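*Asks:* One structure coming up, written as structure tokens, with questions to follow.
The values are calculated or read from the model by the stated rules, or taken from the named source; none is laboratory data. For clarity, every value in this text was computed on a predicted model and none was experimentally measured. Neighbour counts are summed over all protein chains in view; Cβ atoms, including those assigned to glycine, are modelled from backbone coordinates with ideal geometry. Quick note on the areas: whole protein, heavy atoms, side chains included, nothing else; ligands and nucleic acids left out. Shrake-Rupley method; radii C 1.70, N 1.55, O 1.52, S 1.80 Å.
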Amino acid sequence: MHELSIVAAMIELCEDNARIKNATKISEIHTKIGVLSGIDKEQFKLCFESFKEGSLCEEAKLFMQDEDLEGECECGFKGRLDGKSFFCPKCGGKELKITAGEEFYLMRLVME
């Protein structure tokens, strides 16, 4: 379960940003989670709820947005891929370059 280490790193990053801005509390955390990131959103939320206690994120609400899988092909296709397909929807080629959907992003913090 790597969600635990991701949550720990995220809370540390949030607290670092809060300290830089002289904030005493983080009330909202907005994330974007790629469909191929390997992060189980339910486990992520459970880990966050468990580990936010005692941090500046203790009262924070967690918002998770999905990031779709997107790719580019040498045929000129650029766009969203259905499901977890690695074949170009335009030409059927297998030389797709994945351009989105594999990452985890901390998008926005609301601090007080």
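*Asks:* Only one of these is in contact with a Gly (Cβ under 9 Å, 6 or more places away or on another chain) and small (Gly, Ala, Ser): GLY83, GLY38, GLY54, GLY79. Name it.
*Replies:* It is GLY79.
*Asks:* Sticking with this structure for a sec: Could you list, in sequence order, all residues of region 18-45 that are within 18 Å of TYR105 (Cα to Cα) and either open to solvent by 80 Å² or more (accessible area, probe 1.4 Å) or over 17 Å from the mean Cα position of the chain (by Cα) (or both)?
*Replies:* The answer is ALA18, ILE26, SER27, GLU42.
*Asks:* Within region 26-43, take every residue that is of a type in the set (Ser, Thr, Tyr) and at pLDDT 95 or above and give me the one that is farthest from ALA9 (Cα to Cα).
*Replies:* The qualifying residue farthest from ALA9 (Cα to Cα) is SER27.
*Asks:* Is it the case that some residue within region 14-25 is of a type in the set (D, E, K, R), outside any helix (DSSP H, G or I), modelled with pLDDT of 95 or more and over 19 Å from GLU3 (Cα atoms)? Please lay out each step first, then the result.
*Replies:* Here is the first cut: in region 14-25, the ones of a type in the set (D, E, K, R) are 15-16, 19, 21, 25.
Subsequent filtering for residues that are outside any helix (DSSP H, G or I) retains 21, 25.
In the following step, the residues that additionally are modelled with pLDDT of 95 or more were identified as 21, 25.
Going one step further and asking which of them are over 19 Å from GLU3 (Cα atoms), we end up with 21, 25.
Looking through region 14-25, at least one residue is of a type in the set (D, E, K, R), outside any helix (DSSP H, G or I), modelled with pLDDT of 95 or more and over 19 Å from GLU3 (Cα atoms).
*Asks:* Moving on. Please go through region 54-74 and give me each residue that is within 30 Å of VAL110 (Cβ to Cβ), out of contact with any helix residue (DSSP H, G or I) (no Cβ under 8 Å at 6 or more places or on another chain) and either touching a residue at least 40 places away in the same chain (Cβ under 8 Å) or surrounded by fewer than 16 Cβ atoms within 10 Å (Cβ to Cβ) (or both), ordered by number.
*Replies:* Quick first cut of region 54-74, residues within 30 Å of VAL110 (Cβ to Cβ) only: 54-70.
Still in the list and also out of contact with any helix residue (DSSP H, G or I) (no Cβ under 8 Å at 6 or more places or on another chain): 54, 58-59, 61, 63, 65-70.
The answer is GLY54, GLU58, GLU59, LYS61, PHE63, GLN65, ASP66, ASP68.
*Asks:* Please name all residue pairs, on different chains or six or more residues apart, with Cβ atoms under 8 Å, provided the first residue is in region 75-89 and is farther than 14 Å from THR99 by Cα and open to solvent by less than 100 Å² (accessible area, probe 1.4 Å) and the second residue is small (Gly, Ala, Ser) and in a loop (DSSP other than H, G, I, E, B).
*Replies:* Cβ pairs passing all conditions: CYS75/GLY93.
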